[in-house]
Every structure is written in structure tokens, then in C-alpha cells.
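Step one of this worksheet: look at the structure below.
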Amino acid sequence: MNAHLDLSDIESATIGHFLSDGFLSPAIQGLLPEKRVFGPALTVRLPGDDGAALVDALAEAQPGQVIVVDRCGDLRHACWGAVTTCAAKARGVAGVVIDGFMTDRSAIIAEDFPVWCRGRSPVTTKPRGKSGEVNVEITCGGVVVRPGDIVLADESGVVVLDPAQAEAHGQRARQMQHDELGVLERLRAGETLLQITRGA
């Protein structure tokens, strides 16, 4: 990742004003909605109830990465909980995005660790070691995610950006957010949105 890339003030919804692609299914939402994270993707393909690849990923995770987990359509097993949260924090992981479920909600909230997922399940994966891959192209929330893609996740959802374009998208979004402040001031002063958008 570009060492100078900073998306900490960028809202995913602002990017949604000028991009249509790269947005994960809105069903994948943040456990801690006040959190915003960004960073290069560490991708994991995790089929069924086999959680071994996630254990491997947590061993090689680097500070600032966002773990992105493809659950290969599994809608039963939780692959993330208190132990994986502790392991991720110890490695400096920025957050995790799961196309599936988590467990141990209270423990994760207590750790203040950012998780985006489809919901919760009490049935967990096991480290069977039969399948799964790390740092490969995956699909998460209907979006293709490659190792090193830039992930931005916040209260509105998750967007995946091409690393070569992430800085430019961030600059455009930052300008839009600045301009929006002026629009809000004009609305509070009595102008209508129709007047503002049509230049009346």
C-alpha cells in the first residue's frame, strides 16, 4: 500500500456518489458502526466448517491489513470470535470483513475490534486443515477481492478499491465532503435542495 495513502476521513458513501462497482453486499454490516478502517486486503478462502486457513492467515497478517474472508456460500458457521479477535489485535490487523457470520459478540465489543459480517451464529468452524487458501483472489459480498486491494469499511458498508486508483478516489471524495459542508449551510439558510442542485 502507498505509505502516504490516508482514507481515515473518507466515507464509503461519498465514494458511492461517483463509483458503482466494488461495494460489498449491504447485508455485510459493521458490529461497531462508529468504526472506520482502511488497508490492504489479506484474503482468505474459507469453505464450510474448516477454519484452518484463517489460522494460517492470522499467523502471517501484517499491521494495518484488513482480513477479508470468503465463506464460499456457508450460511451456518461462525468463523470469527473472541480468540481470532485477540490473535488479530496482537498482529496489528486493522479489521476483518466476513461474507458470513461471527460469534462472541460481547467479547469482540469489549476488545473494540472492527468486524463487518452478515450476522451471528453459535455454530463455529473447526481447524480441520482440509481446504481453504490464503492470499488468493476471492469473492466477498459479490465483489472480487485480490490480495493487496484497498478495503475501506465504515458505518455504511464496505468498498474495495484498486490500489492504483485509491488515492485519487480518496482525493475526489475528500473534496466532495468539503463541498457538502457548503451545501448544508445553504440549506440551513433557507435555500431548497432544488435551487442548489439546479443552480437557481
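How about segment 118-140: which of its residues are of a type in the set (A, V, I, L, M, F, W, C), part of a loop (DSSP other than H, G, I, E, B) and under 20 Å from the mean Cα position of the chain (by Cα)? Hit for segment 118-140 is Val136, nothing else. Within segment 10-30, residues that are more than 22 Å from Asp179 (Cβ to Cβ) and without any contact (Cβ under 8 Å) to a residue 24 or more places away in the chain have Cβ atoms under 9 Å from residues that are among the basic types (Lys, Arg) and surrounded by 15 or more Cβ atoms within 10 Å (Cβ to Cβ) in no pair, counting only partners at least 6 apart in sequence or on another chain. The set of residues from segment 181-200 being surrounded by 13 or more Cβ atoms within 10 Å (Cβ to Cβ) and either in contact with a His (Cβ under 7 Å, 6 or more places away or on another chain) or in a helix (DSSP H, G or I) (or both) comprises Val183, Arg186, Leu187, Ile196.
Taking first residues from segment 140-154 that are crowded, with 21+ Cβ neighbours inside 10 Å and partners that are part of a strand (DSSP E or B) and of a type outside the set (Val, Ile, Thr), the Cβ contacts under 6 Å between residues at least 6 apart in sequence or on separate chains come to Cys140/Asp70; Val145/Ala41; Asp149/Ala41; Ile150/Leu161; Val151/Ala41; Leu152/Phe38; Ala153/Trp116.
I want to confirm something. Restricting to segment 84-113 and keeping residues that are touching an Asp or Glu at 6+ places or on another chain (Cβ under 8 Å) and of a type outside the set (Ser, Thr, Tyr), which single residue is farthest from Thr43 (Cα to Cα)?
So the residue we want is Cys86.
Evaluate the following for His4: is it out of contact with any strand residue (DSSP E or B) (no Cβ under 9 Å at 6 or more places or on another chain) and farther than 17 Å from Val145 by Cβ?
It is true that His4 is out of contact with any strand residue (DSSP E or B) (no Cβ under 9 Å at 6 or more places or on another chain) and farther than 17 Å from Val145 by Cβ.
Close contacts from segment 124-136, counting a first residue that is of a type in the set (A, V, I, L, M, F, W, C) and a second that is in a loop (DSSP other than H, G, I, E, B) and surrounded by 13 or more Cβ atoms within 10 Å (Cβ to Cβ), with Cβ to Cβ under 8 Å and a gap of 6+ residues or different chains, come to Val136/Pro147. Ala173: more than 30 Å from Asp74 (Cβ to Cβ), among the aliphatic types (A, V, I, L, M) and not in a helix (DSSP H, G or I), yes or no? No: the conditions fail for Ala173. Only residues that are small (Gly, Ala, Ser) and modelled with pLDDT of 95 or more were counted in segment 164-200, giving 5. Scanning segment 71-119 for residues that are of a type in the set (Ser, Thr, Tyr) and either touching a strand residue (DSSP E or B) at 6+ places or on another chain (Cβ under 7 Å) or within 13 Å of Gln29 (Cβ to Cβ) (or both) yields a single hit, Thr103.
The values are calculated or read from the model by the stated rules, or taken from the named source; none is laboratory data. These figures come from a predicted structure and were not determined experimentally. Ideal geometry is used to build each Cβ from the backbone, glycine not excepted, and the neighbour counts take in all protein chains shown.
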